[in-house]
Each structure stands twice: as C-alpha cells, then as structure tokens.
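Working notes, beginning with the structure itself.
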Amino acid sequence: MLSITGLAKRHGPHQVLHDVTFHALPGRVTAFLGPNGAGKSSTLRILLGLDRATAGTALVDGRPYRALRDPLRTVGSMLDGPGAHRSRTARNHLSWVARAAGVPQRRVDEVLAQVGLAGAGRTRVGRFSLGMGQRLGLATALLGEPRALVLDEPVNGLDPEGIRWIRGLLRGHADAGGTVLLSSHLMGEVAGVADDVVLLAGGRVVAAGLLTDVTAGHASLEDAFFALTTTTEATR
Amino acid sequence: MSAPPARVVTAELVKLRGLPAVVGVVLGTPVVAATLAAAHAAAAAAGASAGGLALATVPYLQVATVLVGVLAAGTEHAGRQIATTLTVTPARWRHLAAQSLAVAATSALTACAGLAAALTAAAAWGPGDGVPGARSGVRPLLGALVALVLVGLLAHAVTVLTRSLVGALVATLTLLLVVSPLVAAVTEHARWLPDRAGSLLYLPGRDPVLGPVGGGLVLVAWVAAAVLAAGCASARRDV
Amino acid sequence: MSGVRTLTAEIGKLAALPAAWVAVAVATLGSLGVTVLNAAGVRDAVAAGDSAALGYTSAVEAAFSAVPLGTVGAVVLGVVAMSSEYTPNGTEAGGGRQITTTLTTTPSPWRVLVAKALAVAALVLLVAAVTVPACLAVAHQLVGDVPDVGAPHDAVARTVGTAVYWVLTALLALAVTVVTRSGLVPLVVLVVNSSMVSFSLLVGRLTPLARFLPDAAGISLFARDWEPPGGVALAPLAGGLVMAAWAVGALAAAGLVLTRRDA
C-alpha cells in the first residue's frame, strides 16, 4: 500500500503541494489526475525518495522509500521516460539496473520481450522513438517483479496498440493483487482502467475516491475533471 | 559512509562500460600516450631515461582520468538517469562510494594502459638506455598511477557537486592545466594545489617543503574534501 | 533584414546558455584573479629587491600572463554555441535537437553559420574589451610605479592582439564543433591546447613548421619576447594573419559540412 499523508512541498516562495493525503491500495489501479503543474510529479518524486517533503509523509508499506531494503523489488517506477543516458544501449541500461537491484540478469531479456523491445536491446537509447523510450522505462519498472508500480504519464507517446497493451498490463497487475499508481492528464485513457481516482489541482487534492463516485453527476471523467479543477482555480 | 554492496559497485562498472565515451577514453589513452611519449623522446636530449619520458606524459594522462570521473557523474545529469540511479540505490552516500570506487578502478586501468604505452614508446624511440624504468625505478611510475587515480576521483566529486558535465570538465581542466602552472610561476604556495602536490608522488625532490608522502597526503585531502562536499550536497538536495 | 534577425536570434540563444556565462566568468574573473596573483608577486619581488624572483617583470606582463584563461573562455563559448544545437532536449529518447528548429526557421546553413560566428565574435570581443583593460588597471594599481618595459602604445597593441586572439580562437572552436557536433572532443583538445602543455608546443619541439599552427601562430599577438621551442615566433601581424586564415578556412569547411549534411 502507498500512503501519502499531509504532504507539503515548498520550492522557495512557491508552495507546490498543500496537505496532500491519499492512498493507493493493493488490487486496485489508482489514477492520479490533474492539469500540468498540479503537483503530480512532485508527489511521485517525494514518494520515490528523490525529493524531500517540506512536511508530511509518503510511505510504501509503512516505510519511507529510502528505508526499503531492495526498493526495486518492492516498487517499480517510471518517471518521465526511460531514465537512461542516451548513449548507452537498452540492454546495458537494464543490465546495470538489475545488478544494482540484486535482480538476476535473465530478467533483462524477459522484460525486453515483455514490453516488445526484444529486437532493440542493442539499440542506443538516443535512437529510440518517444514510445520506445516509454517502453524501456516500463521495462525498468517491471525488472524487479515489484508488488507496486508507480508510473508518471506512462501512456505519453505510446501508439494506440501500446495504450491498449499497457491498460491490460496494469489491469493484470492489480488483479494479481499488486498496487498501481499512475499519473496522467489524459482522462479517456485512464477512465477505462482506473478503480480509484485522485484529482489534484493547484497542489491540493480536490477529489478522491471510487471512479464511479467522483464521476457521479458528470457525463464523463473528463467533465468531472474540468468541473472540479476549474472551481478550485476560481476559488483560489 | 557505509561500504557499498559489491553489486552496486559492479553495477557502476557496467554503467561505465556502457558509455561509448568512456570506452573511447580507455582505448584511446594508450594510443595518445604512446604518440606523446614518442614526440617527447624525439625532442629529448641524449641520456633522457624512458621512465622520465613516460612521466612527461602524466599532465596529458590527467586529462584521461578527469574525463573518466566527469563522464561517470556528468552523464547521470545529462537526461534523467540520476532518477533511475537513486530509485535503485536510494542511499546517497552508498551510491557515491560505489561510483567513486568504479571511477577509481577505471582510472587506474586507463592510467596503467597509458603509462605502459608511454614507457614502451619512450624505450623504443628514446635516446635513453632502452631499459624501461631502469634508471628512474618503478616507484615514480607507481606514484604517477596513484596521482592520476586521485585526480580522476577529484574530477568525479567536482562533477557530482556541480551536476554539469561541461562545467566540471572545463573547471577541472582549467585548474589543472592552466591555473596551476600560472600560479606556480609566481608563488611557491602553488605547491598546495592538487596537481602540484600530487606531482611530488612521481617527481620527488621537486619541492623543499613537501616530500612524496606529504604531497600525496595534500592531494588526498583535496579529494576527501571534494567527496565530502559532493556527498553532503547530494544527500541534501532534491534530485 | 532577415540577416539581422538571424543574428539577433543567435545572440539571444547564446546568452541563454548557462555554459556561456560560465565561460564569460572564467575569462573575466579568472583572468583578474591570475592578474592579482601575478601583480602581487611582482610587487613583493620589487619590494624585496629580488629581481631574480620576478616571474613577470612588470605590471603589463602580470596582466598579459593571464591571457590563457580568456582563451579557455573563448574556446568554451565557441564550442557550446554550436554543441547546444545538437544536444537533444528534454528526455533521453525521441528528443528533438535545436538544430532542426534553427534550420527550419532559417533554411540557409551559411546564414546560420555567419550569424553564429558574428554572435560569438561579438560576445568574445565584449569580454576582451572589459577584461584586458581591467587586468591592466588592477596590475598597475597593485604593482605601483615600476617602470614598464616597452612603449605605452605597445600595451594598446597587445590589448587589441589579445582580443583578436580570443575571437579567432572562439571561431576556430565553433568551426571544429560544427564538424564534430558533440562538444566533448573539441572542448578537451582545445582547452588542453590553450594550456601550458599545449600539443602545438610539443609539435614545436619537433618541427619549426609548428609555428604556423593556428594557436601558435597567434601567440605573438599578445606575447612579447616569446620564443617557441625550436624556432622563431612569427611577427604579430604575420602571426595574426596566419591565424585568421586558419579561422576563415575552418569556417568555410564548416559551412560546406553544414550545407551537405542532413540536419
């Protein structure tokens, strides 16, 4: 379970997050939605121990990410693309990640095949298209066979086939008892897969709960999103 | 600083192996070093020893170990690889120690290859006695190896601190190759600069105040200070 | 008109690069720092009456001995002006390069290259115009009234020479980077060559022809009583012209590469 409690983040005079609280539960896909600049990535970066919170906690199964013994076997993550230097090959990237994470090398070929990059292992990351870069990022997230997946904008740059594939992947992961937290600003892509929704606007949670509850009274998730986020903007 | 698990050090070595620029430095250094030693040998006066001619290439070999250090840390920040690195190994000090060890090993390999190639070329083309190291002994060459590895570690720490490949590269090379000789021309206090102090490891007796051990310790102190600053900075800041 | 627009755009791009400002800082503050150290050394040696310890014999020499730092700054400016065009933006995969935008906005590669060269030259000239007189003033202030060797007009000639040397160095760096696209190799080679262990000086020990190499040829623009190993230095004007010929040739070659290569 991923638990975010009272999270606040300040960059100089800018308050990026205000008292953000929500949970992502096992067996469920939690969609983390909000416009650009709402604070989604900041929240995920704090959850993954990359940035420090000004206040509040972000815990993985009750522990901060940095205290996890083998973090990649617990949480697989992808932030903004593959996270590999462009001059190395996909296989070299996965290979060093596997070594550092204590994951057997055979997983490298397995995840390359799983994300559809089996033929591209020797290709340099800089030659990848945006979608292939996303797939490599997903491969890195899946490498340690983690219980939880934290993905920032995973459908960005994927083609329709890729989007359908990732929906199936996330659904399957949750149905097998795993936890999935994914951020997105693409409502339509998320509505089809999410169980729970957390709506963020201006660094505040404006709605959280079952997808059906949040969309109740609105024609679609997209309508609910605009209705909820614009009222927040107006009252600020 | 807790000792990093071997697997994290191995991962850092695999990472360096995967960078074409680092592979280029490791493979290119012996070629360049041999050429430079041959050029020095051709220009040298009669009686110059092969060991002495090989040591004349150390200022250039510094560039190679600086590149290893700068590339190891600089490529983390060219793009977002650092996020991957620190999600896999969240302990900042542990990661810094592992990457420093990998840089030291790669620098040692590069410096060894460079010095060996320079020695061979100097022995082949030099006017000296033709027996590598016979006149100057092996000790200065080992001293040069230690100095080169320490310079690589210094460059690595500076890059972790500044997070800029170009900035750290320019700053380190300018300090070692431009500022240091300029300062040495005007003041004896230049002996406290990292490369001047380190040069006492292979050019003993060059300085009346610091000996080889003293010079080596001054360079170690520079490296320790830089690594400490880099570790504190990376432990505190957001990625 | 569109030529002016391209030039303005290139100046704006250069000024927006953090590395460009690092280069300016190295050239300006670095030169001043070395000048202060040198001048203090000269002053102490004069006070002690120790003429043998004089590394640099006068205030003017103290200032001009700092030229290599400006050369490093010029190299960095020339390299990053071009290498930034080829650095992929944002993410590692699928990132676009700025050169695509540049060449779709201004489809003539020659015009882009000339505008870039002018922008780099203008910035380096500005840096030189501030740095060299400032170094001279600081040196005079610190050293005091020690008689200078050489006529006062020589200091002016050397100041102009320094500016020309820096500009030509930056243009050579720019041209080389057009060909390599990556900034790493030209940066390393040219910074080493601006240093005391310059490859050109080493080659000079083997053949007197080395004085016609671009950087060695131009040294007499700012240095006096400089003797390259194993040869006689070119006269300032001749040396400057040789270096300028290298720079023009390199830019022409770069232009040809830029027109023939796919962006």
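The values are calculated or read from the model by the stated rules, or taken from the named source; none is laboratory data. Predicted model only: the values in this text are computed from it and were never measured. Cβ: placed from backbone, ideal geometry, glycine included. Neighbour counts: every protein chain shown. Please note that ligands, DNA and RNA were not included when accessible areas were found on the heavy atoms of the full protein model with its side chains. Shrake-Rupley method; radii C 1.70, N 1.55, O 1.52, S 1.80 Å.
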Region A:69-83 - residue that is more than 7 Å from every other protein chain (Cβ to nearest Cβ) and more than 20 Å from A:L170 (Cα to Cα) and, of those, least open to solvent (accessible area, probe 1.4 Å): A:D70
Checklist (1) open to solvent by less than 10 Å² (accessible area, probe 1.4 Å); (2) within 14 Å of chain C (Cβ to nearest Cβ) applied to A:E153, failing item: (1)
Some residue of region B:178-199 being within 16 Å of the chain's Cα centre (by Cα) and of a type in the set (S, T, Y): yes
Pick from region C:241-259, criterion in contact with a Ser or Thr (Cβ under 9 Å, 6 or more places away or on another chain) and closer than 11 Å to C:L113 by Cα, ranking: surrounded by the most Cβ atoms within 10 Å (Cβ to Cβ): C:A254
Residue within region C:212-224 that is of a type outside the set (D, E), in contact (Cβ under 8 Å) with a residue 12 or more places away in the chain and within 13 Å of chain B (Cβ to nearest Cβ) present: no
All positions within region A:50-63 that are open to solvent by less than 60 Å² (accessible area, probe 1.4 Å), within 18 Å of the chain's Cα centre (by Cα) and closer than 21 Å to A:L25 by Cβ: A:A58, A:L59, A:V60
Residue match in region B:42-53 (condition: part of a helix (DSSP H, G or I), facing another protein chain (nearest Cβ under 10 Å) and closer than 30 Å to C:S84 by Cβ): no
Answer from A:R66, A:R107 - the residue that is over 16 Å from B:G79 (Cβ atoms), open to solvent by 10 Å² or more (accessible area, probe 1.4 Å) and more than 10 Å from chain B (Cβ to nearest Cβ): A:R107
Lone qualifier among A:L59, A:L44, A:L50 - being hydrophobic (A, V, I, L, M, F, W, C) and assigned to a helix (DSSP H, G or I): A:L44
Wholly enclosed helices (runs of 4 or more DSSP H) of region B:55-170 bearing at least 2 residues open to solvent by 40 Å² or more (accessible area, probe 1.4 Å) and away from every other protein chain (no Cβ under 12 Å): B:92-125, B:139-162
Odd one out for A:S87, checked against (1) farther than 13 Å from B:P90 by Cα; (2) open to solvent by less than 10 Å² (accessible area, probe 1.4 Å): (2)
Region A:64-100, residues that are over 21 Å from A:M1 (Cα atoms) and in a helix (DSSP H, G or I): A:A90, A:R91, A:N92, A:H93, A:L94, A:S95, A:W96, A:V97, A:A98, A:R99, A:A100
Selection status of B:A235, within 14 Å of chain A (Cβ to nearest Cβ), assigned to a helix (DSSP H, G or I) and of a type in the set (A, V, I, L, M, F, W, C): yes
Matching residues in region A:211-233 - criterion: being surrounded by fewer than 22 Cβ atoms within 10 Å (Cβ to Cβ) and either in contact with a strand residue (DSSP E or B) (Cβ under 6 Å, 6 or more places away or on another chain) or not assigned by TED's automatic domain parsing to the domain that holds A:R167 (or both): A:L211, A:L228, A:T229, A:T232
